[in-house]
Amino acid sequence: MSAGAPRGLASSGQKPITEILHPLSAAEEPLTVPVSGGGDKEAGLTNGTPVEKSSPASVSSLFNRLQLDDDLETDARDPYASTETRDLFVTVDDPKKHVSTMETYITYRVSTKTTRIEFDLPEYCVRRRYQDFDWLRTKLEDSQPTHLIPPLPEKFVMKGVVDRFSEDFVETRMKALDKFLKRVADHPVLSFNPHLNAFLSAKDLNKRQGLALLTKVGESVKHVAGGYKLRARPPEFCAMGEYLDTFAQKLGTIDRIAQRILKEQSEYLTELREYGSVYSSWAGSEEELRRPLEGVAGCVTTCCGALEDQCENMSQDFLPVLREYVLYIESMKNVLRKRDQSQAEYEGRLEAAILRKQEDRTPALVAVAFSVLPQMPVEVEKCQDKVECFNADLKADWERWQSNKRQDFKQLLTGMADKNISHYEKVRRLL
């Protein structure tokens, strides 16, 4: 990067950084950078959607504000969504329970097919447990701090409430791990991470070894210039933060209502089964009423089956997707915080360089100026490059996340509607 005047960040506050002079500027001209958005125009997301700050008043409005567009032409333009350009395919399946004297745990088969030259073989098949997936995500987060890392399902469950070795729980977790790994493998940057290569190909994963060089890349963004407070986020990132807050409120409300509906349906299912068994036993004791009683018992049994399918669909398909995106929101907020730290470091170093330049204008400090000033532009420009890298990567990942979200929720809600229609059609046939 040339040693010219750095491009200022689009920010606002007490004294915008665009008005600060670079320490090596030959002319005393303020730095000018075009800022996206203008005047009092309402902040909007990258797709043009205005940010709403008020929470919805009804469940129907919640779904309406999820912005489920029937027209997914913008998603089709995503080059990473096309299977024709993919050269790395991964699958997580075949869970197995392992019992030893020390612990009991579940492993999953991870199958890989690829044509990439980074891999020695075209196919791999290894077994991994949950903590191996957790290791991979941690390594990706450390070595690729500017990117959004897909979330993992929660590790801990409440004992006595959920059996983590039950077939339903293992199946749900397996699907979530498979989705996590597929999202990483489809990412244009994360899929080339050496830690992913080791995770997919190494027979015995040595999690202690680590790739120190890549890990160090992420360490620098964890520390901010001492005592410096970020002036303000650029408008587009402010819009992202506000959208995430609003979206989290939507999902939280939907999740609470869905959990309550599932609980009520499960309790009703228990009562309905007991209700049907009464008619079955009654039919065996009264021959004159046997036929109508058996008819009622059969109808109740059919209703029980339809309701059981509906409960299973909600618990295994609907709720896990909601939870995944709640975790996705936290991951996105974490990347935003790291971006803010990087911007604060850049602003702090730039201000320090300006103050040093002003001090070095005195004749007494001319000698010091020649020895110190040449080092400052390099540090400032490195921080600026880091901020620009954060901005570019975060914007790209944001667009990819929005595209995935639209597809996931369209599929989820239309699937749920189809299953509800199927449920009521089964019950209607009894009339």
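The values are calculated or read from the model by the stated rules, or taken from the named source; none is laboratory data. Not measured: the values here are computed from a predicted model. Note that each Cβ is placed from the backbone with ideal geometry, even for glycine, and that neighbours are counted across all protein chains shown. Note: areas computed on protein heavy atoms with side chains; ligands, DNA, RNA excluded. Shrake-Rupley method; radii C 1.70, N 1.55, O 1.52, S 1.80 Å.
Listed values, structure above:
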item: N420, sole failed condition from (1) modelled with pLDDT under 85; (2) out of contact with any Ser or Thr (no Cβ under 9 Å at 6 or more places or on another chain); (3) assigned to a helix (DSSP H, G or I); result: (1)
item: Checklist (1) crowded, with 20+ Cβ neighbours inside 10 Å; (2) under 24 Å from the mean Cα position of the chain (by Cα); (3) of a type outside the set (G, A, S); (4) under 30 Å from K410 (Cβ atoms) applied to Q343, failing item; result: (4)
item: Condition met for V170 (hydrophobic (A, V, I, L, M, F, W, C) and assigned to a strand (DSSP E or B)); result: no
item: Residue identified as within 29 Å of R349 (Cβ to Cβ), modelled with pLDDT under 90 and open to solvent by 40 Å² or more (accessible area, probe 1.4 Å) among G218, G226; result: G226
item: Flag for A353 being farther than 22 Å from E267 by Cβ and open to solvent by less than 30 Å² (accessible area, probe 1.4 Å); result: yes
item: Those residues of segment 96-118 which are surrounded by 11 or more Cβ atoms within 10 Å (Cβ to Cβ) and either aliphatic (A, V, I, L, M) or closer than 15 Å to A202 by Cβ (or both), in sequence order; result: I106, T107, R109, V110, S111, T112, T114, E118
item: Selection within segment 262-301 - open to solvent by less than 60 Å² (accessible area, probe 1.4 Å) and in contact (Cβ under 8 Å) with a residue 24 or more places away in the chain; result: L262, Q265, S266, L269, L272, G276, C299, V300
item: Any hit, segment 397-408, residues being out of contact with any Pro (no Cβ under 8 Å at 6 or more places or on another chain), assigned to a helix (DSSP H, G or I) and free of Cβ contacts under 8 Å to residues at least 60 places away in the same chain; result: no
item: Test result for L121, open to solvent by 50 Å² or more (accessible area, probe 1.4 Å) and either within 29 Å of K386 (Cα to Cα) or not in a helix (DSSP H, G or I) (or both); result: yes
item: Residues that are part of a helix (DSSP H, G or I) and in contact with a Lys or Arg (Cβ under 8 Å, 6 or more places away or on another chain), drawn from segment 281-299; result: A283
